[in-house]
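The values are calculated or read from the model by the stated rules, or taken from the named source; none is laboratory data. Just so it is clear, the structure is predicted and the values come from calculations on it, not from any experiment. Because the Cβ atoms are built from the backbone with ideal geometry, glycine has one as well, and the counts that use them run over all protein chains shown.
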Amino acid sequence: MTTAIKNLPRDEIVMAGNGACGGCPATAALRIVGKAFGPNAICLMTPSCSVASIGLLPKSSFNYPILNICFAAAGSSAAGMEYALESLQKKGRLSGEKPLVFTWIGDGGTYDIGFQALSAAAERNDDFIHICYNNEAYSNTGVQRSGATPRFAATTTTPTGKQVEKKNMPLLMLDHHIPYLATASLANPGDFYDKLIKAKNSKGFRYIEILAPCYTGWKFAAEDMINISRKAVNCGAWLLFEAENGKIEFTNPTRKFVEGAASPESPAEYLSMQGRFSAALKGENRDQVINSMASQIADDLQSLRRYSAN
Ligand SMILES: Cc1ncc(C[n+]2csc(CCOP(=O)(O)OP(=O)(O)O)c2C)c(N)n1
Ligand code: SF4
Ligand SMILES: [Mg+2]
């Protein structure tokens with residue numbers, strides 16, 4: 001049974017006065033991470049909105065020891081941190097329980113710039129948790145396109161809409177044969193929390209990715225952030241699943257879509273709610289854009305079916 005939001009622990013690692021936009025999805029997701037991981041954790045971040053939100057010592061507003069590391073190095077730095085802690089423990093120089101090491105990285109730092117080090121850490125099955133908060137762009141530097149930006153979305157580097165499909169990063173990571181992988185949504189906070197707890201209780205390389213609808217980059221009203229998160233899941237633009245030792249389990253409504261018990265909603269409303277798609281949806285290409293998105297979703301579901309059959 002999924003943990004109810006009212007039963008989430010009261011612990012807060014995100015303090016008042018942080019520098020994120022009000023209602024920032026990345027920061028909301030990080031709050032849930034703190035509730036799941038508790039105080040005994042070390043967080044590594046690469047340049048991103050989350051780093052910019054921390055603020056300056058001694059008033060940093062995320063209540064974890066945080067290392068702000070170079071963009072390409074999340075995988076190797078977290079692996080090094082974990083080996084160092086293990087070594088200290090073996091030498092008797094670390095008292096108490098070993099802290100949990102996790103990375104909190106944007107899509108730019110995961111899909112693109114940090115991919116090499118991440119892939120290497122996954123292949124070595126290094127013992128840490130990588131969490132990607134995916135706001136589908138390089139938001140902190142003014143919303144440039146990333147490998148996670150969906151086709152047709154306008155960014156500052158794709159002003160008329162991105163021409164190519166995004167990477168399927170969760171499936172790429174699954175192909176590294178890692179012990180635990182999950183996708184999550186802010187519309188299902190209890191499900192996200194439960195997946196974080198599973199990852200915390202597992203060993204080896206664990207990967208979790210949460211969709212983080214950024215209203216400044218996606219251009220929608222801030223109060224619609226959870227609504228957009230839910231629409232993404234209901235139309236299949238964001239698919240919810242987890243894989244333990246390669247065995248995939250789906251979270252509803254994705255499970256129903258995969259099993260053919262229900263069909264995803266049309267992506268029309270999801271797309272229309274976001275200003276980043278307005279150029280692509282203008283004029284006679286509107287139906288073509290919507291159909292193309294629906295057909296990509298059908299392809300992604302088909303890929304998941306193939307993985308679940310293996
Ligand atoms: C090697 C390097 N290239 C570029 C930058 C500039 N930079 C800082 S934050 C950022 C965007 C990061 O995007 P993402 O990882 O998706 O996080 P978000 O800003 O969306 O939270 C960029 C390009 C940098 N700091 N280092
Ligand atoms: S730009 Fe987006 S991701 Fe960055 S702090 Fe603001 S709402 Fe959060
Ligand atoms: Mg980003």
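Among the numbered criteria (1) at pLDDT 95 or above; (2) closer than 24 Å to LEU211 by Cα; (3) touching a strand residue (DSSP E or B) at 6+ places or on another chain (Cβ under 6 Å), which one does ILE54 miss?
Against the list (1) at pLDDT 95 or above; (2) closer than 24 Å to LEU211 by Cα; (3) touching a strand residue (DSSP E or B) at 6+ places or on another chain (Cβ under 6 Å), ILE54 comes up short only on (1).
Return yes or no: is PHE62 modelled with pLDDT of 95 or more and touching a helix residue (DSSP H, G or I) at 6+ places or on another chain (Cβ under 7 Å)?
no
Taking ASN63 as meeting all but one of (1) over 13 Å from TRP104 (Cα atoms); (2) more than 18 Å from the chain's Cα centre (by Cα); (3) touching a residue at least 60 places away in the same chain (Cβ under 8 Å), write down the number of the exception.
With respect to (1) over 13 Å from TRP104 (Cα atoms); (2) more than 18 Å from the chain's Cα centre (by Cα); (3) touching a residue at least 60 places away in the same chain (Cβ under 8 Å), ASN63 is out only on (3).
Within the stretch 91-114, is there a residue that is of a type in the set (D, E, K, R), touching a strand residue (DSSP E or B) at 6+ places or on another chain (Cβ under 8 Å) and under 20 Å from GLN144 (Cβ atoms)?
Our first condition is that a residue be of a type in the set (D, E, K, R); within the stretch 91-114, this holds for 91, 93, 97-98, 107, 112.
Still in the running and touching a strand residue (DSSP E or B) at 6+ places or on another chain (Cβ under 8 Å): 107.
Add one more test, that the residue is under 20 Å from GLN144 (Cβ atoms), and what stays is 107.
Among the residues of the stretch 91-114, at least one is of a type in the set (D, E, K, R), touching a strand residue (DSSP E or B) at 6+ places or on another chain (Cβ under 8 Å) and under 20 Å from GLN144 (Cβ atoms), which makes the answer yes.
Which of (1) at pLDDT below 95; (2) closer than 30 Å to GLY17 by Cα is the odd one out, the single condition SER95 does not satisfy?
Of (1) at pLDDT below 95; (2) closer than 30 Å to GLY17 by Cα, only one is false for SER95: (2).
Okay, residues lined up against (1) at pLDDT 95 or above; (2) within 10 Å of ligand 1 (Cβ to nearest atom); (3) among the aromatic types (Phe, Trp, Tyr); (4) surrounded by 23 or more Cβ atoms within 10 Å (Cβ to Cβ):
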site	(1), (2), (3), (4)
ALA120	yes, no, no, no
ASN134	yes, yes, no, yes
ASN140	yes, yes, no, no
GLY161	yes, no, no, no
HIS176	yes, no, no, no
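Does ALA237 satisfy the condition of being in contact with a helix residue (DSSP H, G or I) (Cβ under 8 Å, 6 or more places away or on another chain) and either part of a loop (DSSP other than H, G, I, E, B) or away from ligand 2 (no atom under 16 Å from the Cβ) (or both)?
Details: in contact with a helix residue (DSSP H, G or I) (Cβ under 8 Å, 6 or more places away or on another chain): yes; either part of a loop (DSSP other than H, G, I, E, B) or away from ligand 2 (no atom under 16 Å from the Cβ) (or both): yes.
So ALA237 passes the test.
Of all residues in the stretch 143-171, how many are in a loop (DSSP other than H, G, I, E, B) and within 21 Å of the chain's Cα centre (by Cα)?
Step one: list which residues in the stretch 143-171 are in a loop (DSSP other than H, G, I, E, B), which gives 143, 145-168.
Subsequent filtering for residues that are within 21 Å of the chain's Cα centre (by Cα) retains 143, 145-155, 162, 164-168.
Total meeting the criteria: 18.
May I ask you to list pairs of residues, at least six apart or on different chains, whose Cβ atoms are under 6 Å apart, with the first in the stretch 91-115 being in contact (Cβ under 8 Å) with a residue 24 or more places away in the chain and within 16 Å of ligand 1 (Cβ to nearest atom) and the second being among the charged types (D, E, K, R) and outside any strand (DSSP E or B)?
TYR111/LYS167
Can you name every residue in the stretch 196-233 that is out of contact with any strand residue (DSSP E or B) (no Cβ under 6 Å at 6 or more places or on another chain), under 20 Å from GLU165 (Cα atoms) and more than 16 Å from ligand 3 (Cβ to nearest atom)?
Matches in the stretch 196-233: LYS231 only.
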